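Step one of this worksheet: look at the structure below.
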Amino acid sequence: MGADQTFLEGALIYLAAAVVAVPLFKRLGLGAVLGYLVAGMAIGPSGFGLIGGVDATLQFSEFGVVLLMFLIGLELNPSKLWKLRKPIFGLGSAQVLLSILVLSMAALMLDVPLVVALGAATALAMSSTPVALQSLEEKGLSGSMVGRLSFSTLLFQDIAVIPLLALLPLMGVDAAAEGGGFMGALRVIGVLVLIIVGGQFLLRPVFRFIADTRLREVFTAFSLLLVIGTGLLMQQVGISMALGTFLAGVLLAESEYRHELELNIEPFKGLLLGLFFIAVGMSVDLSLLVSSPLAIIGAVLGLITLKGVVLYGLGGFAGLVRQDRMLFALLLAQGGEFAFVLIALLKNQALISVEAAAFLIVVATFSMLVTPVLLMINDKFLQPRLTSSSALESDIEHNENHVIIAGYGRFGQIVGRLLSSLKIPVTVIDHDPNQIEMLRRFGFKVFYGDVTRLELLEAAGISKAKLLILALGDGEMLMDAAQMVKEHYPDLPILARAANRGDMNRLKEVGVNDARREMFASSLEIGELALKQLGYSAHQAHKTALKFRGYDEKMLEASAQFRDDEKLLINYAKQSRIHLEDLMSADQEELSKREEGW
Amino acid sequence: MKNILIIFAHPAPNKSGLNRHLAAEAAKLKNVEVRELYELYPNLHIDVRAEQEALRRADVLVFQFPVQWFSSPAILKEWQDSVLTNGFAYGDGERALRDKEFLLAVSTGGSPESYQTKGRHGAPLSQYLAPFEQTARFCDMKIIDPFTVQNAGDLTPDLLQRTVQNYTDVLIQLGKYHYGS
């Protein structure tokens with residue numbers, strides 16, 4: 001029945017399944033990933049059979065993995081990636097080799113032929129990047145040590161797949177390897193150079209040009225175009241799209257448009273990954289489970305146990321504490337999407353039988369399916385017991401104790417210059433591309449984007465900030481940002497620029513620690529200079545201005561109670577003006593009476 | 001000719017009947033630099049480098065101020081605290097004021113009689129000026145007898161003119177000869 005569905009009908013089913021299942025599973029504490037998977041099983045051929053075209057959906061949604069890798073790349077600039085070289089190549093290679101070894105030995109003990117054992121072990125040694133990373137993100141552990149080690153291992157698997165895809169055909173009958181190794185490498189290097197050079201010199205003016213139009217959707221379109229373009233280009237030279245876009249992400253990590261790119265691609269990544277999980281759920285062939293349940297359950301448990309033991313041991317070597325080793329093991333013990341690719345390849349090369357291939361794919365799928373369940377069990381039952389014994393390791397992130405200045409126009413700049421002259425770390429957010437270009441030339445670290453979006457503030461490191469200074473010219477935006485930040489980060493002190501007297505009181509009400517009227521200080525200074533021109537001594541003019549300021553601020557504060565009643569407010573303003581005149585002239589009289597004559 | 005630096009502290013010079021004239025006439029001498037502290041630093045934030053540079057140029061330092069509450073106006077205390085730093089004026093280092101001459105030029109509203117042990121102000125003026133002279137001494141400066149004007153609030157035009165003349169004469173003399181030689 002799937003074939004005669006229109007695109008919109010298909011979308012309706014997918015979205016409805018996701019919207020029903022995911023919040024439900026999330027509520028039940030089972031995690032979003034499992035929600036998607038079960039939603040997929042429900043609508044797929046093994047469930048209600050509401051939708052067909054599983055393979056096409058799976059293939060299409062694998063692009064979510066590509067976007068995920070691109071986003072991860074954006075978080076890692078080359079120097080951070082370089083720091084990960086040891087876990088990537090040490091831990092990663094150890095995991096892949098040991099898993100292949102252990103899994104194939106187990107298969108050999110079950111009298112599986114050597115070639116099949118090796119092939120299957122290789123396919124199942126790879127873990128599922130989306131399952132692991134999505135679960136980490138759900139737990140908010142992406143930046144933690146487990147997160148980094150998991151990611152490093154997954155990255156090595158992505159790298160290892162390249163030679164495997166090239167090598168496996170050599171073992172089969174069809175030994176015609178494609179492309180010369182040397183020429184292939186040369187092409188890869190050529191593409192990487194193209195991305196570096198393009199990213200450095202072309203991307204910035206193009207982004208600026210597009211940002212200048214202020215059409216958000218064009219910016220989003222360009223972001224997607226960039227990822228798809230680099231992905232396809234990478235695929236052309238024989239690197240997987242995921243690894244290729246990951247590298248592209250790393251190379252763009254230094255770009256100041258990085259955060260805007262992230263924000264634009266993030267929702268697509270989320271949706272496509274959801275679709276990917278649904279597709280995996282749909283592809284579950286329950287008939288095999290019914291016909292040979294013991295073999296499948298045994299294989300899934302065997303796979304997870306053997307891989308888990310390897311991972312648990314390696315986690316110890318990598319310096320993880322006990323409860324993190326458990327998490328690390330469970331996160332990566334499943335088979336992944338590479339198993340689908342590698343098994344299909346093995347089948348095509350006639351290295352394994354069609355039946356064996358179907359069996360392996362079911363095992364891989366089920367292992368992905370049980371991962372969220374195992375993680376949930378770990379969270380609920382294992383972790384509480386493990387945590388009691390050892391303290392949690394916390395990673396110290398850079399950019400700690402920085403000051404975020406949102407809005408870096410003429411106002412914010414003065415604040416920023418003062419702070420940076422004292423070497424206080426300052427992070428700047430602005431949404432004017434011209435401004436950013438300018439600041440970049442002066443060597444500032446600048447984030448481009450809309451301050452009222454929490455994700456941007458989080459990307460800018462608001463959780464580690466010591467102070468937020470809202471210096472935007474747009475009063476409404478500033479108020480929104482203040483409100484949002486106070487809601488999510490109530491302990492973070494905020495200093496704000498106020499457009500006028502009304503804003504002063506509104507900002508205080510929102511909970512801003514202090515605010516200053518943008519024109520007040522400089523206008524007062526002109527007033528002081530005017531007094532001097534009119535014959536006041538410089539010091540008298542200064543003291544008079546200060547006195548005025550003191551009275552004015554007191555009255556402003558007092559006017560807060562009339563904020564909601566315009567009539568009362570106007571009345572109060574009139575009264576206080578008269579009161580102010582009285583006060584000032586009384587002071588003036590006092591002054592002239594004083595004996596300062598000699 | 002020696003360079004004379006007058007550090008002039010008056011919170012409202014435009015209302016001054018004496019000091020304003022003293023400073024204005026002094027400023028006409030070409031070897032005299034007058035720095036009017038309240039005009040230069042209305043918010044009391046003193047440019048320490050500029051002040052120290054001026055001190056380096058000078059051979060004679062004059063503090064000119066109306067006595068207020070038996071001391072100087074507030075800014076002159078702030079000036080001493082921030083300009084006469086360790087390493088510049090005293091202690092190890094430059095000792096930039098060593099062997100320069102120091103003159104106090106002060107005016108009081110009170111009469112000479114009131115500045116007596118038994119008078120209204122309880123002590124001779126010199127006692128109130130002692131902290132300034134000790135500051136100069138501590139910086140290895142040579143102290144010159146102060147130029148004082150009392151009853152400064154009630155000077156006749158004639159007396160005012162003579163006082164101004166006396167002041168410029170003192171400065172001219174100081175500019176010519178080294179004290180004590």
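Remarks
- Average partner coverage of A:535-547, which counts Cβ from other chains inside 10 Å: 5
- Once backbone amide H atoms are built at 1.01 Å from N, A:F447 has A:V428, A:I429, A:D430 as its partners under 5 Å, excluding neighbours fewer than 5 places away on the same chain.
- Across every direction, the projection of the convex hull enclosing the Cα atoms of the protein assembly as shown has a mean area of 49.7 nm².
- Taking all protein chains together, B:H121, A:H431 sort by accessible area into A:H431, B:H121, largest first [probe 1.4 Å].
- Helical content of the protein assembly as shown, expressed as a calculated mean residue ellipticity at 222 nm, amounts to -20000 deg cm²/dmol (DSSP H runs of 4 or more residues, -39,500 (n - 2.57) each, divided by residue number, nearest 500).
- A 1.4 Å probe run over the protein chains yields, for chain A, 49 Å² of accessible area per residue, whole-number rounding.
- For chain A, with all protein chains in place and a probe radius of 1.4 Å, 65% of the accessible heavy-atom surface sits on carbon or sulfur.
- Simple Cβ-charge dipole of the protein assembly as shown, Lys/Arg +1 and Asp/Glu -1, about Cα centre, in debye nearest 20: 1340 debye
- Among A:559-571, A:342-354, B:62-74, the order from most to least packed when residues are scored by Cβ within 10 Å on average: B:62-74, A:342-354, A:559-571
- R0 of 60 Å, Cβ-Cβ distance A:D491-A:L534: FRET efficiency to nearest 0.05: 0.80
- Estimated buried accessible area (total), pair A and B, 1.4 Å, Å² to nearest 100: 1300 Å²
- Evaluated over chain B, the count of Lys pairs having alpha-carbon atoms less than 29 Å apart is 23 (only pairs 8 or more residues apart or interchain).
- Per DSSP, loop GluC sites (Glu not before Pro) in the range A:212-293 with at most 14 further Cβ within 10 Å: A:E254
- C-alpha center-to-center spacing [the range A:301-377, the range A:441-514] in angstrom: 45 Å
- The range A:220-327: C-alpha gyration tensor shape, a/c 1.5 cut-off, then a/b vs b/c: oblate
- Pairs of Cα atoms nearer than 8 Å and 6+ residues apart set the relative contact order; for chain A it is 16 percent.
- Counting only alpha carbon atoms, the long axis of helix A:520-533 and the longest principal axis of chain A meet at about 30°.
- Net charge dipole size for the range A:7-387 [Lys, Arg +1 and Asp, Glu -1 on Cβ; Debye, nearest 20]: 1000 debye
- Burial of 40 Å² or greater, the range B:1-48 residues [accessible area, probe 1.4 Å, versus chain by itself]: B:P11, B:N14, B:K15, B:E39, B:P42
- Choice from B:K28, B:K118, B:K142 with maximal GNM fluctuation in chain B (Cα, 10 Å cutoff): B:K118
The values are calculated or read from the model by the stated rules, or taken from the named source; none is laboratory data. Given the structure is predicted, the values throughout are model-derived calculations rather than measurements. Using ideal geometry, Cβ is built from the backbone for each residue, glycine included, and neighbour counts are taken over all protein chains shown. Just the protein is used for accessible areas: all its heavy atoms, side chains included, with ligands, DNA and RNA removed. Shrake-Rupley method; radii C 1.70, N 1.55, O 1.52, S 1.80 Å.
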